[in-house]
Amino acid sequence: MLLLSAKNIFATAQYGDLLIEGNDTSWIYCNPLEEYFEKKGSRSIGNEDFDSRYNCTALWRGYVATWLIENDSLFLVRIQSNFCSNPLDVSLIEEFGTNKVFAHWVNFSILKPEGEMLQYIHAGYMSIFEGMSYIEFLDGIQTGKTTENYLDRNKYWDNLLFTRHP
């Protein structure tokens with residue numbers, strides 16, 4: 001029997017969240033706020049309920065969050081709803097009491113595409129870029145960063161889990 005969850009399948013490429021790292025702002029291929037929602041038990045910030053925000057096929061989760069890495073710590077600094085048409089800022093103060101929230105709940109790698117897009121794929125976060133950075137966090141503190149260069153053919157194929165034969 002095959003079961004599919006519509007929550008995890010995107011037929012349209014999705015807006016990612018944004019990451020500010022030094023002077024660089026870029027899209028990322030993960031959504032750290034979803035982990036917060038899971039721990040909290042609801043998909044809301046203050047009075048904003050993101051379960052009812054599916055008004056854009058390119059943004060099924062209903063928001064774009066902006067993250068900042070500062071002194072090896074990850075901070076949530078902005079959430080925007082209605083991003084596809086008329087972005088509206090969601091108050092972080094209502095939920096967290098501050099506009100710069102230490103993301104202590106993040107215990108995984110943030111995936112950040114690097115370089116030019118090599119192939120656009122019209123589904124979720126599937127487009128292929130020249131490389132990918134993996135920024136690792138434990139309790140919101142950056143513990144490491146590795147970058148893969150997919151222009152190196154062997155690394156690209158190894159990451160796709162193909163077995164090479166001699």
Practice task
Under 7 Å between Cβ atoms, at least 6 apart or on separate chains: pull out the pairs that start in the stretch 83-101 with a residue that is within 14 Å of F50 (Cα to Cα) and end on any residue that is of a type in the set (D, E).
Solution key: V90/E48
Problem - Within the stretch 122-140, tally of residues that are modelled with pLDDT of 95 or more, open to solvent by less than 70 Å² (accessible area, probe 1.4 Å) and over 17 Å from G16 (Cα atoms) - result: 3
Completion exercise
Apart from one, (1) farther than 19 Å from Y134 by Cβ; (2) open to solvent by less than 20 Å² (accessible area, probe 1.4 Å); (3) modelled with pLDDT of 85 or more all hold for S42; the odd one out is (2)
Exercise for the section: Look through the stretch 67-100, keep the residues that are open to solvent by less than 10 Å² (accessible area, probe 1.4 Å) and modelled with pLDDT of 95 or more, and return whichever of them is farthest from L18 (Cα to Cα). Expected result: L92
Exercise for the section: Spot the failing condition for Q119; the list is (1) in contact with a Leu (Cβ under 7 Å, 6 or more places away or on another chain); (2) surrounded by fewer than 18 Cβ atoms within 10 Å (Cβ to Cβ); (3) at pLDDT below 90, and only one is missed. Expected result: (1)
Handout entry: Residue within the stretch 57-64 that is of a type in the set (A, V, I, L, M), at pLDDT 85 or above and on the phi < 0 side of the Ramachandran plot present
Key = yes
Exercise for the section: Count, please, the residues in the stretch 6-39 that happen to be out of contact with any Leu (no Cβ under 9 Å at 6 or more places or on another chain), at pLDDT 90 or above and open to solvent by 30 Å² or more (accessible area, probe 1.4 Å). Expected result: 9
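The values are calculated or read from the model by the stated rules, or taken from the named source; none is laboratory data. Small disclaimer: the values here were computed from a predicted structure and weren't measured. FYI the Cβ positions are ideal-geometry reconstructions off the backbone, even for glycines, and counts take in every protein chain you see. Surface accessibility is based on the protein's heavy atoms, side chains included, excluding ligands, DNA and RNA. Shrake-Rupley method; radii C 1.70, N 1.55, O 1.52, S 1.80 Å.
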